[in-house]
Amino acid sequence: TIMISDNIIWSLPKDNYKIIILANDLSPVVLDTPLNEPREYSVNLDFEEPLFNESYNYLSQWDIISGDWSIHGDTLRSQSGSLYDNNADWEIITNTGIDVVAGDSLIIEISLRYELEWEKDHYYMIYVTENGMDTLLDLTGGNYEFITQYVPLVIPQGQSGGNLQLSLQSDYNLNYRGVEMDRIVIYNSGQYT
């Protein structure tokens with residue numbers, strides 16, 4: 001996280017960067033950009049008005065498609081036990097559509113921790129519409145300290161509404177602690193040029 005004043009200038013080596021701009025009470029902006037030449041961005045942060053906000057007191061905003069998803073305290077876990085099962089193909093999906101239209105630019109903020117068999121087991125966050133599915137996040141391996149991810153989503157032309165689906169897929173070897181989430185928020189993204 002970088003604190004921003006009116007103007008800043010970075011001097012960074014050529015590479016691909018993901019720059020996340022945050023400010024209190026304002027919607028975040030995520031810039032996925034290759035820096036292979038000097039670039040200048042003008043960023044406008046909007047007032048924070050979440051389109052979806054889940055802190056996992058209950059599963060009232062979700063339908064379990066498959067698996068053993070459960071609430072522990074105020075977190076959602078991929079299983080009720082301490083380890084997930086072999087050969088899991090577990091899914092949970094929001095039960096109301098997200099109120100968006102084609103061209104909307106969103107940011108999904110998710111706070112989670114995970115421990116999965118590296119390159120064998122995966123956690124996915126998927127945006128589902130009647131026209132198809134877009135994988136927004138694919139995690140494997142482990143980070144069992146809570147982290148916050150900021151995932152950009154632009155609603156494709158010809159689509160409106162949609163649901164967020166979470167999925168845990170495992171092979172038939174080892175069992176790990178799975179995924180634990182304590183917050184998902186969807187915002188309209190701030191704008192940049």
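The values are calculated or read from the model by the stated rules, or taken from the named source; none is laboratory data. The structure presented is a predicted model; accordingly, all values stated were derived computationally and were not measured. Neighbour counts are summed over all protein chains in view; Cβ atoms, including those assigned to glycine, are modelled from backbone coordinates with ideal geometry. Accessible surface areas use protein heavy atoms only, side chains included; no ligands, DNA or RNA. Shrake-Rupley method; radii C 1.70, N 1.55, O 1.52, S 1.80 Å.
Scanning the range 77-91 for residues that are more than 15 Å from Glu115 (Cβ to Cβ) and not polar (S, T, N, Q) gives Asp89, Trp90, Glu91.
For the range 60-93, the set of residues classified as surrounded by 14 or more Cβ atoms within 10 Å (Cβ to Cβ), part of a loop (DSSP other than H, G, I, E, B) and over 18 Å from the mean Cα position of the chain (by Cα) consists of Gly67, Asp68, Gln79, Tyr84, Asp85, Ala88, listed by residue number.
Being outside any strand (DSSP E or B), among the hydrophobic types (A, V, I, L, M, F, W, C) and open to solvent by 30 Å² or more (accessible area, probe 1.4 Å) is the filter here; which residues of the range 99-126 pass it?
Selection gives Ala102, Trp118.
Taking the listed residues Thr96, Thr148, Thr129, the one that is under 27 Å from Tyr58 (Cβ atoms), open to solvent by 40 Å² or more (accessible area, probe 1.4 Å) and out of contact with any Leu (no Cβ under 9 Å at 6 or more places or on another chain) is Thr96, with no other qualifying. Looking only at residues in the range 154-174 that are open to solvent by 10 Å² or more (accessible area, probe 1.4 Å) and among the aliphatic types (A, V, I, L, M), the one that is nearest to Glu91 (Cα to Cα) is Leu174.
Name the residues in the range 48-59 that are in contact (Cβ under 8 Å) with a residue 60 or more places away in the chain and part of a loop (DSSP other than H, G, I, E, B), would you?
Scanning the range 48-59 gives Glu48, Glu49, Pro50, Leu51, Ser55, Tyr56.
Summed over the range 19-47, the residues that are part of a loop (DSSP other than H, G, I, E, B), in contact with a strand residue (DSSP E or B) (Cβ under 6 Å, 6 or more places away or on another chain) and without any contact (Cβ under 8 Å) to a residue 40 or more places away in the chain give a count of 0.
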